[in-house]
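Trainee: Dropping a structure here in structure tokens format, bear with me for questions.
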């Protein structure tokens, strides 16, 4: 290609308008929004896995039962979730980290404003040439990213958005993400060790949101991907620290994946070891970190006599984490239209039927199939 044509191609590349759509859970922005937020959450077929004709009634019953404790949690946070504000900060930082393209970030929350339809309409109005769907869930689950992808596909159709779209399904083993996370763990670990008596042991607990066991047995790759993330973070850290993976936020009587975070706190008390909790499946502070980890589990650890309780902050707008997201966007654009993971192709082992790569058809490379086993999963904002 002649030099002039090559230069023109580069100028065209710089001018292309890329909409980066950030998927996140969402959270109530005022006390009055807590009830409808919960109703939206439990009305999602990916969350409440019961026959469709039962779901509306059951969703109302569960939302009503969860309203009082949820309101108490959000009262601690001033009556609202900080998730939208923090996601906006991540969006602004990510735009600045992509100077070579005309990138604009749009936020598509799943259960409260701004919803996917609002984001899709905004992307269309902006006139994007290309769209990158970037979940702020590093590990894929049919209950989080899978649900958001279904909502986005429906919303984009309603909005008449027909731009070329690349879907990044997950990035649990991305090297830059693992190094950014390991740096936060290292800093918190060193600070905790300085605060502890040298004779007190320190254990790292990687705490992720739990799922009902039946969902994982139905082929959801989330637990496996969490394990891969922890392995990568430990390798990037390079510290042979005592560590364990656990799961928080059990919301229903059925069996959830284990060990639970409560169980690991009890084990630490018996072992007389301090703990450093790492919210490994969250990249923004919200009720599950600021209330569940910082208040409820801290109180439990104190009551059980755990000799020290520390917590690693989430990534939020950490520069290294934002740089990792920017790298993922660039690689997604290189992959082209369709579905890609943080490693390009399929990451999950063959046995995971919930992997979005297992649901690709000739007609749609971004269709996500959700498992239909009866169950309830309950994230919160």
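Trainee: Does at least one position in the range 68-79 carry a residue that is surrounded by 15 or more Cβ atoms within 10 Å (Cβ to Cβ), more than 15 Å from residue 27 (Cβ to Cβ) and free of Cβ contacts under 8 Å to residues at least 40 places away in the same chain? If you could, list the steps in order and put the result at the bottom.
Mentor: Here is the first cut: in the range 68-79, the ones surrounded by 15 or more Cβ atoms within 10 Å (Cβ to Cβ) are 70-71, 73-74, 77, 79.
This time we only want the ones that are more than 15 Å from residue 27 (Cβ to Cβ), so: none.
No, the range 68-79 contains no residue that is surrounded by 15 or more Cβ atoms within 10 Å (Cβ to Cβ), more than 15 Å from residue 27 (Cβ to Cβ) and free of Cβ contacts under 8 Å to residues at least 40 places away in the same chain.
Trainee: Out of all the residues in the range 18-28, which are assigned to a loop (DSSP other than H, G, I, E, B) and touching a strand residue (DSSP E or B) at 6+ places or on another chain (Cβ under 7 Å)? Walk me through it before giving the result.
Mentor: Start the filter on the range 18-28 by keeping residues that are assigned to a loop (DSSP other than H, G, I, E, B), which leaves 25-28.
Hits for the range 18-28 are 25, 26.
Trainee: In addition: I'd like the full set of residues that are closer than 21 Å to residue 138 by Cβ and surrounded by fewer than 19 Cβ atoms within 10 Å (Cβ to Cβ), limited to the range 244-257.
Mentor: 244
Trainee: Which of the numbered conditions does residue 262 fail, given that it passes all the others? Conditions: (1) farther than 20 Å from residue 50 by Cα; (2) surrounded by 19 or more Cβ atoms within 10 Å (Cβ to Cβ).
Mentor: All conditions are met except number (2).
Trainee: Shifting gears a bit: Can you say whether residue 122 is crowded, with 18+ Cβ neighbours inside 10 Å, in the same structural domain as residue 330 (by TED's automatic domain parsing) and either on the phi > 0 side of the Ramachandran plot or without any contact (Cβ under 8 Å) to a residue 60 or more places away in the chain (or both), as far as the supplied structure shows?
Mentor: In short, yes.
Trainee: Given the criterion touching a residue at least 40 places away in the same chain (Cβ under 8 Å), assigned to a strand (DSSP E or B) and under 28 Å from residue 87 (Cα atoms), identify the matching residue among 283, 295, 322, 277. So that I can check it myself, show each step before the final result.
Mentor: Working: 283 fails: assigned to a strand (DSSP E or B); 295 fails: assigned to a strand (DSSP E or B); 322 fails: assigned to a strand (DSSP E or B).
So the residue among 283, 295, 322, 277 that is touching a residue at least 40 places away in the same chain (Cβ under 8 Å), assigned to a strand (DSSP E or B) and under 28 Å from residue 87 (Cα atoms) is 277.
Trainee: So is residue 325 closer than 23 Å to residue 150 by Cβ and touching a strand residue (DSSP E or B) at 6+ places or on another chain (Cβ under 6 Å) or not? Quick ask: steps written out before the conclusion?
Mentor: Details: closer than 23 Å to residue 150 by Cβ: yes; touching a strand residue (DSSP E or B) at 6+ places or on another chain (Cβ under 6 Å): no.
Taking the combined requirement at face value, the residue does not satisfy it.
Trainee: Let me ask another. Can you spot a residue in the range 291-311 that is under 30 Å from residue 242 (Cβ atoms), at pLDDT 95 or above, surrounded by 17 or more Cβ atoms within 10 Å (Cβ to Cβ) and within 17 Å of the chain's Cα centre (by Cα)?
Mentor: yes
Trainee: Let me ask something else about it. I'd like the full set of residues that are closer than 20 Å to residue 86 by Cα and in a helix (DSSP H, G or I), limited to the range 29-40. Reasoning before the result, please.
Mentor: Residues of the range 29-40 that are closer than 20 Å to residue 86 by Cα, as a first pass: 29-31, 33-34, 37.
Selection gives 31, 33, 34, 37.
Trainee: Next question. Among 145, 165, which is the only one that is surrounded by 24 or more Cβ atoms within 10 Å (Cβ to Cβ) and either in the same structural domain as residue 43 (by TED's automatic domain parsing) or closer than 21 Å to residue 232 by Cα (or both)? Don't jump to the end; show me each part of the working.
Mentor: Details: 165 fails: surrounded by 24 or more Cβ atoms within 10 Å (Cβ to Cβ).
Matching residue, one of 145, 165: 145.
Trainee: Any residue at all in the range 27-34 that is assigned by TED's automatic domain parsing to the domain that holds residue 121, under 20 Å from the mean Cα position of the chain (by Cα), buried (at least 21 other Cβ atoms within 10 Å of the Cβ) and closer than 26 Å to residue 214 by Cβ?
Mentor: No, the range 27-34 contains no residue that is assigned by TED's automatic domain parsing to the domain that holds residue 121, under 20 Å from the mean Cα position of the chain (by Cα), buried (at least 21 other Cβ atoms within 10 Å of the Cβ) and closer than 26 Å to residue 214 by Cβ.
Trainee: Out of 261, 229, which single residue is under 15 Å from residue 280 (Cα atoms) and within 17 Å of the chain's Cα centre (by Cα)? Spell out how you get there, then give the answer.
Mentor: Numbers: 261 fails: within 17 Å of the chain's Cα centre (by Cα).
None of the others qualify; the one that does is 229.
Trainee: Here's something else I'd like to know. Among 184, 149, which is the only one that is farther than 27 Å from residue 352 by Cα and assigned to a helix (DSSP H, G or I)?
Mentor: Working: 149 fails: farther than 27 Å from residue 352 by Cα.
One residue alone meets the criteria, 184.
Trainee: Among the listed residues 122, 208, which satisfies the condition of being under 29 Å from residue 40 (Cα atoms), assigned to a strand (DSSP E or B) and touching a strand residue (DSSP E or B) at 6+ places or on another chain (Cβ under 8 Å)? Steps first, please.
Mentor: Numbers: 122 fails: assigned to a strand (DSSP E or B).
Unique residue meeting the criteria: 208.
Trainee: Could you list, in sequence order, the residues of the range 332-352 that are within 13 Å of residue 173 (Cβ to Cβ) and surrounded by 14 or more Cβ atoms within 10 Å (Cβ to Cβ)?
Mentor: Listed by number, the residues that qualify are 341, 342, 343, 346, 347, 348.
Trainee: Given the structure, is residue 203 at pLDDT 95 or above and assigned to a helix (DSSP H, G or I)?
Mentor: Answer is no for this residue.
Trainee: Which residue pairs have Cβ atoms closer than 7 Å, lie 6 or more positions apart in sequence or on different chains, and pair a first residue in the range 24-51 that is at positive phi with a second residue that is modelled with pLDDT under 95 and crowded, with 24+ Cβ neighbours inside 10 Å?
Mentor: If the second residue must be modelled with pLDDT under 95 and crowded, with 24+ Cβ neighbours inside 10 Å, the pairs left are 26/381.
Trainee: Going by what's in this entry, would residue 216 be described as in contact with a helix residue (DSSP H, G or I) (Cβ under 6 Å, 6 or more places away or on another chain) and either assigned by TED's automatic domain parsing to the domain that holds residue 73 or not in a strand (DSSP E or B) (or both)?
Mentor: Values: in contact with a helix residue (DSSP H, G or I) (Cβ under 6 Å, 6 or more places away or on another chain): yes; either assigned by TED's automatic domain parsing to the domain that holds residue 73 or not in a strand (DSSP E or B) (or both): yes.
It is true that residue 216 is in contact with a helix residue (DSSP H, G or I) (Cβ under 6 Å, 6 or more places away or on another chain) and either assigned by TED's automatic domain parsing to the domain that holds residue 73 or not in a strand (DSSP E or B) (or both).
The values are calculated or read from the model by the stated rules, or taken from the named source; none is laboratory data. Keep in mind that this is a model prediction, so the values were computed, not measured. All Cβ positions, glycine included, derive from the backbone under ideal geometry; neighbour counts span all protein chains shown.
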